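**Q** Once you've had a glance at the structure underneath, I'll fire off some questions.
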Amino acid sequence: MLSSTLARRTCRSFCSARFHLRSSHNQTSSQQNAEGPKTTHFGFQTVPEESKESLVRNVFDSVASSYDLMNDAMSLGVHRLWKDEYVSLLNPGSKGPMKCIDVAGGTGDIALRLLDFARERYADRETTIDVVDINTEMLKAGYTRFKKTMYHNTPQIAFREGNAQALPEEQFPSNTYDLYTIAFGIRNCTSVPDVLKEAYRVLKPGGTFACLEFSKVNNPLFGAVYDQYSFSVIPLLGTILAGDRASYQYLVESIRKFPPQPEFAQMIVDAGFTTGGMFEGKGGAWRDQWNGIASIHMGVKL
């Protein structure tokens, strides 16, 4: 409890800032509240942290039905090559069946690639994947995709609604998974450190964290061309193909707000993972795709 003197001082401070004082608040929390709510970015906009989740949910509600089509259009199909490289590096099935979790797995394209790779390369039909997404419409799209495959209604695939920043312990116990994948999803989360913390928690010792995400282009000339394309063409494609310019404008802006490769690699280390050296390439913490338009980051829980 606050002392009466401190309470009076705090109350005066809060009244001037138009905040309601509760007797259980200590001086530190009072000062933080007086400064206003915590903020984060939604594209290039600054928004209250508690608003971002619903804003992102609205974006993906809007684009879910056309998400795969738009990925092809935006990247001219190149995203398929990046995803194939991602799965090839992970080499699922090479060490026997695995229990996997694909977070922000949405339409299920990464999960399907992982299962197909394990089956075709290693005759593995025991690897299982929990596809997790916060967005119901994206999960519906993934479920529809898998109804057309041999994996439908088998133990190999499950779709679960969940928040990457706070996976419920009862559904996603600690030390459960061999592989955690997240592709083109982590930049949309409000707190990347919280996502990494949860990834570390649910992985078994020896488990692998693998993230495919848009990153920072490392060639200035190529970067200028890429920026021109991103901000001019992609929102226009969103208008033509999906009738939704605003959502694709956000997606372009969200890429520019994501940390550069060395900074994100350090965040992975700070979460407890062991990575390669802090450089790009074989033996490094990340591998760039197409001059850094996208990057693959990996870490191991020891």
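**Q** Determine if the range 114-121 includes at least one residue that is in contact (Cβ under 8 Å) with a residue 24 or more places away in the chain, in contact with an Asp or Glu (Cβ under 8 Å, 6 or more places away or on another chain) and either crowded, with 20+ Cβ neighbours inside 10 Å or under 17 Å from residue 152 (Cβ atoms) (or both).
**A** Yes, the range 114-121 has at least one match.
**Q** Any residue in the range 218-234 that's in the same structural domain as residue 286 (by TED's automatic domain parsing): show its pairings with residues that are of a type in the set (Phe, Trp, Tyr) and assigned to a helix (DSSP H, G or I) at Cβ separation under 6 Å, as long as the two are six or more apart or on different chains.
**A** The qualifying pairs are 234/248.
**Q** To continue, here is another question. How many of the residues in the range 272-291 are outside any strand (DSSP E or B) and touching a strand residue (DSSP E or B) at 6+ places or on another chain (Cβ under 8 Å)?
**A** So the answer is 5.
**Q** Checking the structure you have, find out if any residue of the range 190-200 is buried (at least 20 other Cβ atoms within 10 Å of the Cβ), at pLDDT below 95 and within 20 Å of the chain's Cα centre (by Cα).
**A** yes
**Q** Looking only at residues in the range 57-103 that are among the basic types (Lys, Arg) and assigned to a helix (DSSP H, G or I), which one is modelled with the lowest pLDDT?
**A** 57
**Q** Out of all the residues in the range 278-299, is one or more more than 23 Å from residue 79 (Cα to Cα), surrounded by 14 or more Cβ atoms within 10 Å (Cβ to Cβ) and in the same structural domain as residue 84 (by TED's automatic domain parsing)?
**A** Checked the range 278-299: no residue is more than 23 Å from residue 79 (Cα to Cα), surrounded by 14 or more Cβ atoms within 10 Å (Cβ to Cβ) and in the same structural domain as residue 84 (by TED's automatic domain parsing).
**Q** Right, next: So which of 49, 120 is under 19 Å from the mean Cα position of the chain (by Cα) and either acidic (Asp, Glu) or not assigned by TED's automatic domain parsing to the domain that holds residue 229 (or both)?
**A** The unique qualifying residue is 49.
**Q** Applying the selection to the range 35-90, what residues are more than 21 Å from residue 164 (Cα to Cα), hydroxyl-bearing (Ser, Thr, Tyr) and touching a helix residue (DSSP H, G or I) at 6+ places or on another chain (Cβ under 9 Å)?
**A** Once the filter is applied, which keeps residues that are more than 21 Å from residue 164 (Cα to Cα), hydroxyl-bearing (Ser, Thr, Tyr) and touching a helix residue (DSSP H, G or I) at 6+ places or on another chain (Cβ under 9 Å), the range 35-90 yields 65, 66, 75, 88.
**Q** Moving on to the next point. Tell me, which residue of the range 76-99 that is within 19 Å of residue 128 (Cα to Cα) and hydrophobic (A, V, I, L, M, F, W, C) is surrounded by the fewest Cβ atoms within 10 Å (Cβ to Cβ)?
**A** Filtering the range 76-99 for residues that are within 19 Å of residue 128 (Cα to Cα) and hydrophobic (A, V, I, L, M, F, W, C), the one surrounded by the fewest Cβ atoms within 10 Å (Cβ to Cβ) comes out as 89.
**Q** For the range 219-236, name all the residues that are surrounded by 15 or more Cβ atoms within 10 Å (Cβ to Cβ) and either touching a Lys or Arg at 6+ places or on another chain (Cβ under 9 Å) or not in a helix (DSSP H, G or I) (or both).
**A** 223, 230, 235
The values are calculated or read from the model by the stated rules, or taken from the named source; none is laboratory data. As the structure is a computational prediction, the values presented were derived from the model and not from experiment. Glycine gets a Cβ as well: all are built from the backbone with ideal geometry, and neighbour counts include every protein chain shown.
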